[in-house]
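The values are calculated or read from the model by the stated rules, or taken from the named source; none is laboratory data. The structure presented is a predicted model; accordingly, all values stated were derived computationally and were not measured. Positions of Cβ are generated from backbone atoms using ideal geometry, with glycine treated the same way; all protein chains shown enter the neighbour counts. SASA here: full protein model, heavy atoms, side chains in, ligands and nucleic acids out. Shrake-Rupley method; radii C 1.70, N 1.55, O 1.52, S 1.80 Å.
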Amino acid sequence: MKKLVTGLMALALSCTLVGCGASQKESVKILAPTGAPALGILGAAEADNVEKIETVSGSDVLQAELAKEDSEYDIIVAPSNLGMALASKGAQNYELAAVITWGNLYLVGSDEDALQKEGTFAAFGEGAVPQLVLENAMDLNEIQPTLTYYNAVSDAQAQLLSGKADVALLAEPVATATIAKAKENGKSLQVIADLQQLYAEKNDTAADEGYPQAAIFVKKGEKDALSSVLEAIETFANDTSNDSEKLSDAIESFGADALGIPSAAIAVKSWERQNIRYVDAKDAKEDLEQFAKIFNLEVDLDALLVKE
């Protein structure tokens, strides 16, 4: 298991911002993966009934908690495919309330024609979402560089920055940080492909762009009690985050390290490419069904999605 990191909870505001109700849950605990999913739920820190938000690197803890019958977490943010896979195996402790991130994978290289030239292609996420999305969105038989998978996005980043790779599959905000780091060293890098756009075009998805990467799961039957927290998340992700100053302040208050990002400045600069937006599960059902197909998952989404 990866070590949990507790985020700063000093962002609590008054109930008037998110609408307190008599039925709201008095103490809410949230678990989320670092990176874009954690950034997507920054608004939860504005709900005064949130006791703590914990972030974790990797999926082991997320999977274990989603499968528990007595998990302490009221809300768990996790890859949608992980939640759907557990549901397909009989897990019934959590319901899918919303999709919060819609993909943040990009190809970065020094030459926009790098995929048509001999060389090395560094990637990460073998056997997981990055590989499956890459293979679904692109015809890898038509590219020239040799594809090699590394253990983590940081390893793919290192290969590109060192010049050992000509193109790399990276996730935001690492992609933006990599381009900035290369510039400091006198090297020019750029985004040469947007996998979210390619995925949407390939699959004719209902979403404007991307795929339902991370979802918000709530304890079964507790959506109404958690409504103020979900509203705070939605408001921040879809509206407040458009204000770069407020976004930067929220990130700084929570802590870049706890969020698993290089810095607040990089997160703000890459925000648009992180495709963070809150969409109710019922409105994302078609996209979830499509995403389940690339994982060969047979899941009853009507049973998994929250009941109104």
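Rolling a 1.4 Å probe over the protein heavy atoms of the chain, with every protein chain left in place, gives an accessible area that is 43 percent carbon and sulfur.
For the range 118-200, calculate the relative contact order in percent as a whole number, restricting contacts to Cα pairs under 8 Å that are 6 or more residues apart.
Working: 103 pairs, mean separation 29.4, N = 83.
Result for the range 118-200 is 35 percent.
Using C-alpha pairs under 8 Å with a sequence gap of at least 6, the mean separation divided by the residue count of the chain gives a relative contact order of 29 percent.
For the range 201-308, the alpha-carbon coordinates run over 41, 38, 23 Å along the three principal axes, in decreasing order.
Distance from the alpha carbon centroid of the range 163-190 to that of the range 121-140 works out to 18 angstrom. Charging the Cβ of each Asp and Glu at -1 and of each Lys and Arg at +1, and nothing else, the dipole of the chain about its Cα centre rounds to 740 debye.
Both the radius of gyration and Dmax for the range 76-179 are 15.9, 49 Å, in that order, over alpha-carbon atoms.
When ligands, DNA and RNA are left out and all protein chains stay put, how many square angstrom of accessible area per residue does the range 44-122 have with a 1.4 Å probe? Dividing the accessible area of the range 44-122 by its residue count gives 34 Å². Backbone geometry of the range 161-178 corresponds, through the Karplus equation with coefficients 6.51, -1.76 and 1.60 at θ = phi - 60°, to 3J(HN,Hα) couplings of 5, 7, x, 7, 10, 9, 8, 9, 8, 10, 9, 6, x, 4, 4, 5, 5, 5 Hz, x marking Gly and Pro. Taking the range 86-211 as the region of interest, the number of lysine pairs whose Cα atoms are within less than 29 Å, with members eight or more places apart or on different chains, is 9. Phi angles across the range 89-95 convert, under the Karplus curve 6.51 cos²θ - 1.76 cosθ + 1.60 with θ = phi - 60°, into 3J(HN,Hα) values of 9, x, 5, 9, 7, 10, 10 Hz, Gly and Pro given as x.
Taking every protein chain into account, the accessible area of the range 179-308 amounts to 50 square angstrom per residue (probe 1.4 Å).
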